[in-house]
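The values are calculated or read from the model by the stated rules, or taken from the named source; none is laboratory data. Since we're looking at a predicted model, the values are computed, not measured. Here the Cβ positions follow ideal geometry from the backbone for every residue, glycine too, while neighbour counts run over all protein chains shown.
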Amino acid sequence: MTAAARTHDRRDACPGLSTPMPTGDGLLARLMPAGTIGLEQMAGLAAAAERHGNGVIEITSRGSIQVRGLRPDSAPAFADAVAELGIAAHDGVPIICDPLAGLDPRELIDAGRLASELRAALDSCGITLSPKVSIAIDGGGPLHLDALPADIRLRAMPPRDRSRLRVAVGGDAASAISTGTIARADAIDTVLWLLRSIAARGPQARGRDLLGRQQEEAPAARPGAQPVGVHELRDGTMALGIGFAFGHADAATLTRLAHAATQASAAGLRTAPGRTLLAIGIAAERVPAFADAAKDLGFIVAPDDPRRLVVACAGAPICASGEIATRTLAPAIAASAAPHLGVDDVIHVSGCAKGCAHHGAAALTAIGRAGGCDLFVDGVPAGSAAAAELPRHLAALAAMRSSRRG
């Protein structure tokens, strides 16, 4: 059996290309891009997803690409197809950097370059870690990674200290424990030392297992990163952030998006945390037409689109574990409930109790059970509803939550 045919049998494992994970709709494989994806490469990836899977392609909250519906006999062929496309990706410890690394005129360091150096070091060090361990490298630009949990965090400091990086472990920017600052030249050795310290605590150890007393005050909070919308790049061209409505698209629609990006003379695509693709290298005068094309295909091009607040798993009938048709219900939920919530709130609609699509806190949660839904407000049980009544019930709960918060 080839490496690509092996599958995970634990729900806490990470489904890379070489080890796809069983789900309710077949095997799921995850691709972690390590830079720009060419437009022909993206079209080829979509074609491979349709040929070898069920054609459902997702961008995750961490900016990975997921392909669903693979089979034991088709997963190796999909992995081979991706290899032939030559997409720069990695299948080891997730190292996530800001999505416009190397292109953002306001970044303090090129986080992508540091990530590449760290991946090369990890390839030769032989450290065995939990598959959930991850690293975030924040170059200091506006599309930062503050909301992204990670076991080890590196963040470039403001301009006067741009040769130094702040190190923190065990959480997002607000909850991680800051351990001080280091010189850029010491970054690789420091991260490897931290990873060895995690590994020494056992095969399932995480960064939080290193937590001790905070040594330095955490940096001040920054305005939230918003990848959806228009961003100016260092060379004077633009990037357009395009959100995947409810986190997914089908292969045919993604192919049409790649064609529209070609018509706009985009240089390529990058994934971003928050279920977003960034089309880069577009001349400013071409952005409006491309945004209209993406919108017509059902993608999100405005940061205030209410669909941004709704996270829905595959659900029924795509996933055999799904008790409700989550993605059929999601548009009505976005229209009725999302307007009552804040820009950083999340409505999590899960087809079953596994909660695959979202693992963090949510303002509102609906979990499918026996054709109905169990409801929660900020994690507290709030009754139940029939699936058909879910948009109305969530809207009422959202309004009540809003009134309580003033």
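Overview of values
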quantity	calculated
Filter result (hydroxyl-bearing (Ser, Thr, Tyr) and in a strand (DSSP E or B)) within segment 17-41	Thr23
Any hit, segment 131-143, residues being surrounded by fewer than 16 Cβ atoms within 10 Å (Cβ to Cβ) and either in a strand (DSSP E or B) or in contact (Cβ under 8 Å) with a residue 60 or more places away in the chain (or both)	yes
Residues of segment 349-377 satisfying the condition of being surrounded by fewer than 17 Cβ atoms within 10 Å (Cβ to Cβ) and not in a strand (DSSP E or B)	Ala353, Lys354, Gly355, His359, Gly360, Ala361, Ala370, Gly371
Test for Gly92: is it under 30 Å from Gly44 (Cβ atoms), over 17 Å from the mean Cα position of the chain (by Cα) and surrounded by fewer than 21 Cβ atoms within 10 Å (Cβ to Cβ)	no
Qualifying residue in segment 282-297 (condition: touching an Asp or Glu at 6+ places or on another chain (Cβ under 9 Å), surrounded by fewer than 22 Cβ atoms within 10 Å (Cβ to Cβ) and in a strand (DSSP E or B))	no
Which listed residue is farther than 30 Å from Glu232 by Cβ and either in the same structural domain as Ala272 (by TED's automatic domain parsing) or outside any strand (DSSP E or B) (or both), from Arg119, Arg201	Arg201
Pair list, Cβ under 8 Å, 6 or more apart: segment 32-61 residue more than 13 Å from Val82 (Cα to Cα) and touching a residue at least 60 places away in the same chain (Cβ under 8 Å), other residue outside any loop (DSSP other than H, G, I, E, B) and hydroxyl-bearing (Ser, Thr, Tyr)	Ala34/Ser116; Leu39/Thr262; Ile59/Thr271; Ile59/Thr276
Residues that are in a helix (DSSP H, G or I), among the small types (Gly, Ala, Ser) and under 19 Å from Pro94 (Cα atoms), drawn from segment 146-198	Ala187, Ser197
Criterion (surrounded by 14 or more Cβ atoms within 10 Å (Cβ to Cβ), touching a Pro at 6+ places or on another chain (Cβ under 8 Å) and hydroxyl-bearing (Ser, Thr, Tyr)) met by exactly one of Thr255, Thr271, Thr237	Thr271
